[in-house]
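Engineer: Pasting a structure here, questions to come.
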Amino acid sequence: MTIESAKDFFAHPETGALKPLLKEITRRLEFLLEVGLDYLTLDRESTTLAGGEAQRVRLATQIGSSLTGVIYVLDEPSIGLHPRDHARLIKTLKDLRDLGNTVLVVEHDSETMREADWIIDMGPGAGKHGGKIIFEGTYKDLLKAKTLTGDYLSGRKEVRAEAKTQVLQEHSQRDGARRAIFQQKNTRVSAKPGAKPKAEALHIIGASEHNLKNIDVKIPLEKLVVVSGVSGSGKSSLIDDILARSLLKYFYGAKAQPGAHKKIEGLEHIDKAILMDQSPIGRTPRSNPATYTGVFSFVRDIFARTVEARARGYKTGRFSFNVKGGRCEVCEGQGVKKIEMYFLPDIYVECEECKGRRYNKEALEILYENKNIADVLSLSIEEAHVFFKDIPQIADRLKTLVDVGLGYMKLGQPATTLSGGEAQRVKLAFELSKKATGRTLYILDEPTTGLHFDDIQKLLNILRALADKGNSVLVIEHNLDILKNADWIIDMGPEGGEEGGRVVAEGTPAEIAAHKQSYTGQWLKKAL
């Protein structure tokens, strides 16, 4: 039974001993309705909730407590929330404020900023380029401020991908001939001169997983396609549970069983599928952007080739923090020591021997361009790209990390400290660093999570470039800046839960905006 149905079920007037009990049950269900979780079922396991859903459940709990004089700190509560539901979330935050509490929200959503009493803008950039308060004041004052946030909110800047963007051009120059051959190969010759080649597509037939209503869905290929819809409308069931699992099983023999559907047609039009979700790139401090993208192997090789290393007989293994030899044995190369908290999450503290540098004294004595291996891992990706500019194997891979907006991260930053959005962009950068083959389907689940408008611009340029190179990009997204720049939109709904699971509208952004029954269209019309 959904929360909305449960509220109706318990709302019957009752006298006697049950009356106060039913009143409390109804009251708590109403709090969940207020934060837009009406589509969730009462037996839904907490482990299956998205991060935004879990945060809103906790928020509903706090509203019910009616506490005053409390400071509430929320980290992007709009994650996974359709624009239609933002108003309900904002009303909830205002109710907490009006009770006499202070509500502090870390957020990039323009609607939330518009309704805020006070805004603190951090910057001006990220990483070493940030860390300063560049503005504080009201929303109206922010519109006049000369900051990136102010520029985008006021309309002085706009998130818009250029046609045939050149973002990836420098990564593709070495593959120019291959791309030309690929484009010729994939241009279908028409019987009539001047006729456009037939556009290919994937067809999901009879999708019925979870709340999907035995629907057929067409996904055009070689385009930027966005799947939208209110929370619980069936987007993840369709794309993650059915399509992604089917593709992983078809191409790679994955064991996870796809969700209920009859068949998928058109698989012969793609060569491979890449799923880039927000799962961690590693679950221990040993994993980092350098190891995940393969850059670290080249870095270790460079240190092993130095005159001093060869004189001492050091091999590449000496500069690995995963094996004995060069690593600090006290922390076993992790730079931190894990303290088990048993009933609480484990915590990590800096190693007292190596002070977080991961290596022993002998390994740190080997220098390349006046830096040891620990110094290199402490560089930001942006700095490392300049440091290794003359080594193409490293510079090319680091450039892709900079292009997706991760230049501020440290090269050796532990995977456990990366947010879901950062992990997803590391994966995207890794795929971009590979040689272009085309005919690849990329699937991303809400890649704009945690991104500022300027970062969304960078991400959009990358996604557009992938599509322009003959790949297909499929994105689950609520962000209107991504939606209005899509080639094709599949809007699910009309509501969440049992009232969802259908295709409400499909077409170009302009066609969706003109669709009166589409909630996405109503908001997209304003954005366009």
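The values are calculated or read from the model by the stated rules, or taken from the named source; none is laboratory data. Keep in mind it's a predicted model, so treat the numbers as computed, not measured. Neighbour counts are summed over all protein chains in view; Cβ atoms, including those assigned to glycine, are modelled from backbone coordinates with ideal geometry. What goes into the accessible areas is simple: the full protein's heavy atoms, side chains included, and nothing from ligands, DNA or RNA. Shrake-Rupley method; radii C 1.70, N 1.55, O 1.52, S 1.80 Å.
Engineer: Could you check how many percent of all C-alpha pairs in region 423-524 are farther apart than 20 Å? Don't skip to the end; give the middle numbers.
Structural biologist: Details: 2234 of 5151 pairs.
Cα-Cα pairs of region 423-524 separated by over 20 Å account for 43 percent.
Engineer: Could you give me the radius of gyration and the Dmax of region 302-401, taking only the C-alpha atoms into account and expressing both in angstrom?
Structural biologist: According to the Cα coordinates of region 302-401, Rg and Dmax are 15.6, 50 Å.
Engineer: How many percent of Cα pairs in region 351-430 exceed 17 Å?
Structural biologist: On the way: 1589 of 3160 pairs.
So the pairs more than 17 Å apart make up 50 percent of the total in region 351-430.
Engineer: Could you tell me, in Å, what Rg and Dmax come out for the Cα atoms of region 415-456?
Structural biologist: For region 415-456, the Cα-based Rg and Dmax read 11.8, 34 Å.
Engineer: What are the trypsin sites (Lys or Arg not before Pro) within region 413-447 that DSSP puts in a loop, where the Cβ has at most 12 other Cβ atoms within 10 Å?
Structural biologist: Numbers: sites: Arg425, Lys427, Lys434, Lys435, Arg439; in loops: Lys434, Lys435, Arg439.
Of the trypsin sites (Lys or Arg not before Pro), the ones in loops of region 413-447 whose Cβ has at most 12 other Cβ atoms within 10 Å are Lys435.
Engineer: If you take the C-alpha gyration tensor of region 267-309, multiply each eigenvalue by 5 and take the square root, what semi-axes do you get, largest first, in whole Å? List each step's numbers first, then the result.
Structural biologist: On the way: eigenvalues 214, 59, 5 Å².
Output for region 267-309: semi-axes of 33, 17, 5 Å.
Engineer: Next question, about the same structure. How big is D, in µm² s⁻¹, for region 212-328 by Stokes-Einstein at 10 °C and 1.306 mPa s if Rh is the Kirkwood radius over C-alpha pairs?
Structural biologist: Working: Rh = 18.5 Å.
So the translational diffusion coefficient is about 86 µm²/s.
Engineer: On to the next question. In bins 5 Å wide, starting from 0, what share of all Cα pairs of region 37-124 does each bin hold, as a percent?
Structural biologist: 3, 12, 25, 23, 19, 11, 5, 1, 0, 0
Engineer: Something else about it: Can you give the charge dipole size of region 38-96 about its Cα centre, rounded to the nearest 20 debye, using +1 on the beta carbon of Lys and Arg and -1 on the beta carbon of Asp and Glu?
Structural biologist: On the way: 7 positive and 8 negative charges, 46 e Å.
The dipole magnitude comes to about 220 debye.
Engineer: Under 13 Å from a label point 7 Å along Cα→Cβ of Asp141: give me every residue in region 106-123 with its amide N that close.
Structural biologist: Output list for this probe position: 117-121.
Engineer: Whole number in Å², please: accessible area per residue of the chain, 1.4 Å probe, ligands, DNA and RNA not counted. Intermediate results must be reported in sequence, preceding the final value.
Structural biologist: Numbers: 26310 Å² over 528 residues.
Using a 1.4 Å probe on heavy atoms only, each residue of the chain averages 50 Å².
Engineer: So what are the radius of gyration and Dmax for the Cα set of region 88-134, in Å?
Structural biologist: Gyration radius and largest Cα-Cα distance of region 88-134: 13.0, 39 Å.
Engineer: If amide hydrogens are placed 1.01 Å from N in the peptide plane, which non-local residues have theirs closer than 5 Å to the one on Tyr72?
Structural biologist: It is Thr102, Val103, Leu104, by chain and number.
Engineer: What number results when the radius of gyration of the chain, computed over Cα atoms, is divided by 2.2 N^0.38 Å? Walk me through the intermediate numbers first.
Structural biologist: On the way: Rg = 25.6 Å, N = 528, 2.2 N^0.38 = 23.8 Å.
Compactness ratio reported: 1.08.
Engineer: Scale the Cα Rg of region 334-485 by the rule-of-thumb value 2.2 N^0.38 Å and send over the ratio, two decimals.
Structural biologist: Details: Rg = 18.5 Å, N = 152, 2.2 N^0.38 = 14.8 Å.
In units of the globular-protein estimate, region 334-485 measures up at 1.25.
Engineer: What translational diffusion coefficient, to the nearest whole µm²/s, does region 476-520 have by Stokes-Einstein, given a Kirkwood radius computed over alpha-carbon pairs, a temperature of 37 °C and 0.692 mPa s viscosity? It would help to have the intermediate numbers written out before the result.
Structural biologist: Working: Rh = 10.7 Å.
Roughly 306 µm²/s, to the nearest whole number.
Engineer: Net charge near Glu506, counting Lys/Arg +1 and Asp/Glu -1 over other residues with Cβ under 10 Å of its Cβ?
Structural biologist: On the way: positive: Lys218; negative: Asp491, Glu511.
After counting each charged neighbour, the total is -1.
Engineer: When the Kirkwood radius is taken over all Cα pairs of region 335-374, what Stokes-Einstein diffusion coefficient follows at 20 °C and 1.002 mPa s, in µm²/s?
Structural biologist: Diffusion coefficient, whole number: 182 µm²/s.
Engineer: Show me 487-500, 144-157 ranked by packing, highest mean number of other Cβ atoms within 10 Å first.
Structural biologist: Going by the mean number of other Cβ atoms within 10 Å, highest first, we get 487-500, 144-157.
Engineer: Subtract the Cα-Cα distance of Met341 and Lys255 from 0.36 nm times their separation in residues, and report this length gain in nm to one decimal. The partial results should precede the final answer.
Structural biologist: Working: separation 86, 0.36 × 86 = 30.96 nm, distance 3.39 nm.
Extending this stretch completely gives an extra 27.6 nm.
Engineer: What is the magnitude of the charge dipole of the chain about its Cα centre, with +1 placed on the Cβ of each Lys and Arg, -1 on the Cβ of each Asp and Glu, and no other charges, expressed in debye to the nearest 20? Please report the intermediate quantities before stating the final value.
Structural biologist: Numbers: 75 positive and 72 negative charges, 390 e Å.
Roughly 1880 debye, rounded to the nearest 20.
Engineer: Let me ask something else about it. As I understand it, the dipole of region 1-126 uses +1 on the Cβ of Lys and Arg and -1 on the Cβ of Asp and Glu, about the Cα centre. Which of Pro20, Ile79, Ile63 lies farthest toward its positive end?
Structural biologist: Result: Pro20, furthest along the dipole toward the positive end.
Engineer: What does the highest-first list of 302-308, 324-330 look like by mean Cβ count within 10 Å? Walk me through the intermediate numbers first.
Structural biologist: Values: 302-308: 15.0, 324-330: 17.7.
For the peptides 302-308, 324-330, the packing ranking is 324-330, 302-308.
Engineer: A further question on this structure: If I take every Cα pair under 8 Å that is 6 or more residues apart in the chain, average their sequence separation and divide by the length, what percent do I get for the relative contact order?
Structural biologist: Details: 943 pairs, mean separation 90.8, N = 528.
17 percent.
Engineer: Given Lys213/Lys427; Lys272/Lys435; Lys434/Lys469; Lys315/Lys410; Lys324/Lys410, which pairs have Cα atoms separated by over 21 Å? Kindly include the intermediate steps, with their values, before the conclusion.
Structural biologist: Details: Lys213/Lys427 33 Å; Lys272/Lys435 14 Å; Lys434/Lys469 13 Å; Lys315/Lys410 25 Å; Lys324/Lys410 24 Å.
Beyond 21 Å between Cα atoms: Lys213/Lys427; Lys315/Lys410; Lys324/Lys410.
Engineer: In debye to the nearest 20, how big a dipole does region 419-528 give about its Cα centre with +1 on each Lys and Arg Cβ and -1 on each Asp and Glu Cβ?
Structural biologist: Details: 13 positive and 16 negative charges, 103 e Å.
In total the dipole reaches around 500 debye.
Engineer: Under the rule of at least 5 residues apart or a separate chain, name every residue whose amide H is placed under 5 Å from the amide H of Gly229.
Structural biologist: Placed amide hydrogens put Met492 under 5 Å from Gly229.
Engineer: Let me ask another. Please tell me the relative contact order of region 419-528 in percent, rounded to the nearest whole number, where contacts are Cα pairs under 8 Å and at least six residues apart. The partial results should precede the final answer.
Structural biologist: Numbers: 137 pairs, mean separation 20.6, N = 110.
Reported relative contact order: 19 percent.
Engineer: Can you list residues whose amide H is under 5 Å from Glu495's amide H, if they're 5+ apart or on another chain and H is modeled 1.01 Å from N?
Structural biologist: Sorted by chain and number, the residues that satisfy this are Gly500.
Engineer: Further, regarding this structure: Compute the relative contact order of region 1-94 as a whole-number percentage, counting only Cα pairs closer than 8 Å that sit 6 or more residues apart in sequence.
Structural biologist: On the way: 79 pairs, mean separation 29.7, N = 94.
Worked out over region 1-94, it gives 32 percent.
Engineer: Could you state, as a whole-number percent, how many of the C-alpha pairs of region 1-159 are farther apart than 20 Å? Kindly include the intermediate steps, with their values, before the conclusion.
Structural biologist: On the way: 7437 of 12561 pairs.
Result for the distance tail: 59 percent.
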